[in-house]
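The structure appears below as structure tokens.
The values are calculated or read from the model by the stated rules, or taken from the named source; none is laboratory data. None of the values given here were measured: they were computed from a predicted structure. No Cβ is skipped: glycine too gets one built from the backbone with ideal geometry, and neighbour counts run over all protein chains shown.
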Amino acid sequence: MRAIITGLGHYSPEEKLTNKDLEKLVDTNDEWIRVRTGIAERSILDKAKGTSYMALRAARMIFEQSAVSPEEIELIILATITPDMPVPSAASVIQKELGAHRCWGFDLNGGCTGFVYALATASQFIETGRYKNALVIGADKMSCIINYEDRNTCVIFGDGAGAVLLEQSTESDRGIIDFDLHLDGIGIEYLNVLGGGSLHPATMDTVQQKMHYVYQDGKTVFKYAVKGMCSVSEEVLKRNGLSGKDLNYLIPHQANLRIIDAVAKKLRLTPEQVIINIEKYGNTTAATIPLAMSEAHQQHKFKKDDWVLLSAFGAGFTWGSVLLKWAI
Ligand code: COA
């Protein structure tokens with residue numbers, strides 16, 4: 001039994017925050033941002049809306065085209081670091097709004113690797129025969145935890161969502177073929193949001209100290225990200241008897257164009273083999289991979305039997321890869 005992707009959807013808010021807009025907020029410039037990150041603009045969600053709004057839009061795009069209806073969904077996993085509220089999960093909001101009456105589900109915090117973690121997790125429920133399908137979503141409203149006075153972070157992140165429908169298939173040679181996942185708490189000090197949890201509950205003091213915003217030591221994260229994404233990608237390819245030249249597409253987490261280029265170079269990939277959309281969206285955290293995958297699918301990039309490798313790195317540190325043989 002294999003888990004195969006049978007439907008894809010994505011959503012990006014219409015409001016754009018361009019590099020020129022950021023020049024008015026912090027001491028930065030369009031050229032620096034483009035050269036150092038590859039980003040030109042990002043989408044920003046309406047202040048009054050939560051992450052579930054984007055996740056729902058991405059999910060509904062799937063159901064508009066799928067033979068499976070929300071009532072038939074058995075499991076919802078939402079990868080996010082920005083749920084609508086601490087309790088209950090944003091997966092609850094999605095279940096209610098979709099009318100997915102037969103499912104259970106939860107939010108998963110794997111930082112920027114969240115979608116890769118979620119896809120691997122859902123695949124196991126399907127491969128064991130326990131469930132016939134699962135809705136796997138990556139969505140983040142990063143604009144709600146970004147300090148728009150901090151040029152180290154505000155130029156990088158944006159809001160967005162992507163989703164896939166996973167279904168059971170008896171064809172053994174297509175679908176999710178393998179994955180490799182990692183976690184190392186060495187990353188806690190380099191990339192975090194310290195306020196608002198049980199250790200530092202929200203108080204006037206935590207807010208004044210801006211502890212509810214993302215802190216990042218960009219240089220250190222950059223180095224670990226390149227190392228982690230390269231090693232996990234090579235490991236998954238190697239143990240499946242593949243190398244970079246066998247890959248049809250790499251869909252990397254979109255954190256920085258220079259990180260993507262370094263991974264592509266290590267795997268000896270041509271530009272045509274790498275899906276990149278960071279210029280338009282920035283880093284949408286758990287959403288980057290499903291958003292890029294859904295967009296590329298919409299552009300008819302993938303063919304049946306294509307080898308597709310997903311690779312991500314994020315807060316924790318977390319990192320991981322999923323190897324897919326395209327099934328639709
Ligand atoms: N605009 C203009 N200058 C900026 C700037 C900005 N937005 N941000 C930093 N700078 C300045 C720095 O102050 C520094 O100046 P100095 O040399 O006078 O001290 C210089 O640019 C270089 O800064 P540095 O931090 O070394 O830049 P960098 O090349 O490492 O790029 C990041 C910074 C954040 C873009 C990069 O480190 C990165 O992408 N890191 C990983 C991000 C990531 O993957 N995060 C998500 C987890 S997956």
Original post:
Only one residue in I251, I260 is more than 12 Å from the ligand (Cβ to nearest atom) and under 20 Å from F179 (Cα atoms), so which one is that?
Top reply: I251
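Kindly indicate whether H200 is over 30 Å from K280 (Cβ atoms) and part of a loop (DSSP other than H, G, I, E, B).
Values: over 30 Å from K280 (Cβ atoms): yes; part of a loop (DSSP other than H, G, I, E, B): yes.
Here the answer is yes, as H200 does meet what is asked.
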Original post:
Name the pairs whose Cβ atoms lie under 8 Å apart, with the first residue in the range 200-221 and within 12 Å of I145 (Cβ to Cβ), the second of a type in the set (F, W, Y), and 6 or more positions between them or separate chains?
Top reply: V214/F157; Q216/Y190
**OP:** For A287, work out the one condition from (1) crowded, with 17+ Cβ neighbours inside 10 Å; (2) among the small types (G, A, S); (3) more than 16 Å from the ligand (Cβ to nearest atom) it doesn't fulfil.
**Re:** (3)
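Against the definition (under 30 Å from T37 (Cβ atoms), more than 16 Å from the ligand (Cβ to nearest atom) and touching a residue at least 40 places away in the same chain (Cβ under 8 Å)), how does C144 come out, yes or no?
In short, yes.
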Subject >> Close pairs (8 angstrom Cβ cut-off, 6 or more residues apart or separate chains): not assigned by TED's automatic domain parsing to the domain that holds G185 and among the aromatic types (F, W, Y) in the range 106-135, within 16 Å of the ligand (Cβ to nearest atom) and assigned to a helix (DSSP H, G or I) anywhere >> reply: F115/A286; F115/A287; F115/T288; F115/I289; F115/P290
**OP:** Could you check the range 1-88 for strands (runs of 3 or more DSSP E) lying wholly inside it with 1 or more residues that are touching a residue at least 24 places away in the same chain (Cβ under 8 Å) and within 16 Å of the ligand (Cβ to nearest atom)?
**Re:** 16-18, 41-43, 75-79
Subject >> Residues satisfying the stated conditions in the range 146-184, i.e. more than 22 Å from A118 (Cα to Cα) and in contact with a helix residue (DSSP H, G or I) (Cβ under 9 Å, 6 or more places away or on another chain) >> reply: I146, N147, Y148, R151, N152, T153, C154, V155, I156
